[in-house]
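Scroll down for the structure; my scribbles are underneath it.
The values are calculated or read from the model by the stated rules, or taken from the named source; none is laboratory data. Computed from a predicted model, the values in this text were never measured in an experiment. All Cβ positions, glycine included, derive from the backbone under ideal geometry; neighbour counts span all protein chains shown.
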Amino acid sequence: MIWGAPGIGKSSIVQQIARKSKIGFIDVRLSQLAPTDLRGLPVAIPPSEKNNNLGTSTWYPPEFLPHKGEGILFLDELNMAPPAMQGVAQQLILDRRVGAYQVPDGWFIWAAGNRKEDRASVFDMPSPLANRFLHLEVEADFDSFKAYALGANFNEQIIAFLSYRPILLHKLNPQHHTWPSPRSWEMASKLHTAKMTISPAVGRETAAEFDAFVQLYQNIPNLEDILIGKGNNISFPTEPSARYATTIGLTVRANETEEALNAFNWLSTKATAEWLNLFAIDLFSKMESQGKIGALANLVNTEPKFKEFFQKYRELISSF
């Protein structure tokens with residue numbers, strides 16, 4: 001049972017695990033179902049010699065439940081379901097069966113829900129049901145979000161802004177309909193790429209701060225010149241927010257390994273170690289998620305400093 005605030009990606013985590021493990025994934029929103037939807041429908045069996053000439057009934061299970069193979073049966077918003085629905089789900093979770101239906105052996109039952117302190121409309125979970133689960137608390141983590149955003153091609157200005165203001169990655173405001181969260185920042189990235197305001201996704205106050213940050217892009221260095229190796233006469237910015245914009249901008253735009261090497265060489269001569277580290281770590285994460293880490297590894301052999309960073313990064317990853 002995964003507990004956490006709204007919008008931090010609980011459902012996405014489970015879906016990504018299933019995809020990475022190459023197993024099935026079924027998302028069931030219990031809060032949108034009635035007990036009969038999960039238990040199935042009773043169907044009459046005519047009298048016969050087999051049932052002593054007495055009419056009986058059986059239950060036809062719903063088609064959305066798994067019947068073969070292996071995967072994750074994900075019961076999302078479990079504690080938003082009313083007690084009657086949780087009661088039916090309890091049998092499914094405790095006994096791995098409900099009515100005539102039985103969960104196949106190769107399927108795991110996972111669930112997720114919001115906490116009461118998140119102002120979510122939730123019901124108390126019955127103690128027997130809660131005691132059946134392993135309970136995990138999750139929270140928004142910027143480094144994890146940034147790795148995902150780089151691999152998913154988020155708008156570079158969104159990533160740069162959140163690198164500068166990571167506190168705004170998730171800031172629940174129950175008094176407003178819109179507030180920043182990993183989920184809403186993904187929507188904001190699409191809005192900003194379409195040249196639309198991001199306030200409908202993250203709220204007016206956050207959007208205003210983001211708009212002010214975007215104005216910095218008029219004053220950052222010419223990143224394209226740096227990426228093609230013509231950055232010798234270009235200086236690294238002095239203002240912190242512009243430094244984040246420049247470093248993240250180079251990371252996002254370095255799509256080819258030679259561009260990455262040019263950006264690395266420029267930062268190694270123009271910036272301090274912290275900015276070089278930020279660029280290198282984010283770049284390796286991006287290249288790995290895009291399946292380009294092999295080509296990058298071949299290129300770094302030509303640059304001793306880059307090779308050293310690459311080796312340290314691989315050692316760090318292998319230690320987890």
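So which pairs qualify, if the first residue must be in the stretch 290-308 and in the same structural domain as LEU261 (by TED's automatic domain parsing), the second must be β-branched (Val, Ile, Thr) and assigned to a loop (DSSP other than H, G, I, E, B), the Cβ gap must be under 6 Å, and the two must be at least 6 apart or on different chains? Going by the 6 Å Cβ cut-off, there are no qualifying pairs.
Scanning for something within 30 Å of MET187 (Cα to Cα) and either of a type in the set (A, V, I, L, M, F, W, C) or at pLDDT 90 or above (or both), does the stretch 37-55 turn up at least one residue? No, there is no match, as no residue in the stretch 37-55 is within 30 Å of MET187 (Cα to Cα) and either of a type in the set (A, V, I, L, M, F, W, C) or at pLDDT 90 or above (or both). For the stretch 176-196, a residue qualifies if it is aliphatic (A, V, I, L, M) and either loosely packed, with under 15 Cβ neighbours inside 10 Å or under 15 Å from the mean Cα position of the chain (by Cα) (or both), and the qualifying residues are MET187, ALA188, ALA194, MET196. If you go through the stretch 1-49 and keep only what is in a strand (DSSP E or B), of a type in the set (Val, Ile, Thr) and within 20 Å of PRO66 (Cβ to Cβ), you end up with ILE2, ILE26, VAL28. Among the residues of the stretch 161-171, is any in a helix (DSSP H, G or I), at negative phi, assigned by TED's automatic domain parsing to the domain that holds THR272 and among the aromatic types (Phe, Trp, Tyr)? There is at least one residue in the stretch 161-171 that is in a helix (DSSP H, G or I), at negative phi, assigned by TED's automatic domain parsing to the domain that holds THR272 and among the aromatic types (Phe, Trp, Tyr). If only residues of the stretch 258-287 that are of a type in the set (Asp, Glu) and touching a Leu at 6+ places or on another chain (Cβ under 8 Å) are counted, the one that is surrounded by the most Cβ atoms within 10 Å (Cβ to Cβ) is ASP282.
So that you can scan it fast, the table gives a plain yes or no per residue for (1) touching a residue at least 40 places away in the same chain (Cβ under 8 Å); (2) out of contact with any Phe, Trp or Tyr (no Cβ under 9 Å at 6 or more places or on another chain); (3) assigned by TED's automatic domain parsing to the domain that holds MET125:
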{"position": "ILE23", "(1), (2), (3)": "yes, no, yes"}
{"position": "GLY40", "(1), (2), (3)": "yes, no, yes"}
{"position": "ILE45", "(1), (2), (3)": "no, yes, yes"}
{"position": "SER48", "(1), (2), (3)": "no, yes, yes"}
{"position": "HIS67", "(1), (2), (3)": "no, no, yes"}
{"position": "ASN79", "(1), (2), (3)": "yes, no, yes"}
{"position": "LEU92", "(1), (2), (3)": "yes, no, yes"}
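None of LEU216, LEU150 is hydrophobic (A, V, I, L, M, F, W, C), modelled with pLDDT under 95, within 28 Å of GLU288 (Cβ to Cβ) and surrounded by 15 or more Cβ atoms within 10 Å (Cβ to Cβ) except LEU150. I'd like to know if the stretch 241-259 contains one or more residues that are farther than 30 Å from ILE8 by Cβ and either touching a Pro at 6+ places or on another chain (Cβ under 7 Å) or among the polar types (S, T, N, Q) (or both). Looking through the stretch 241-259, at least one residue is farther than 30 Å from ILE8 by Cβ and either touching a Pro at 6+ places or on another chain (Cβ under 7 Å) or among the polar types (S, T, N, Q) (or both). Just one of the numbered conditions (1) closer than 16 Å to PHE306 by Cβ; (2) of a type in the set (Phe, Trp, Tyr); (3) at pLDDT 90 or above is not true of PHE210: (1).
For GLU308, state whether it is closer than 19 Å to THR246 by Cβ and either modelled with pLDDT of 70 or more or not in a helix (DSSP H, G or I) (or both). No.
When the stretch 131-150 is limited to residues that are part of a loop (DSSP other than H, G, I, E, B) and in contact with a strand residue (DSSP E or B) (Cβ under 8 Å, 6 or more places away or on another chain), the one that is nearest to ASP95 (Cα to Cα) turns out to be PHE133.
Residues in the stretch 199-253 that are more than 26 Å from GLY151 (Cβ to Cβ), assigned to a helix (DSSP H, G or I) and aliphatic (A, V, I, L, M): ALA208, ALA212. State whether the residues of the stretch 288-302 include one that is more than 30 Å from the chain's Cα centre (by Cα), crowded, with 18+ Cβ neighbours inside 10 Å and not in a helix (DSSP H, G or I). Within the stretch 288-302, none of the residues are more than 30 Å from the chain's Cα centre (by Cα), crowded, with 18+ Cβ neighbours inside 10 Å and not in a helix (DSSP H, G or I).
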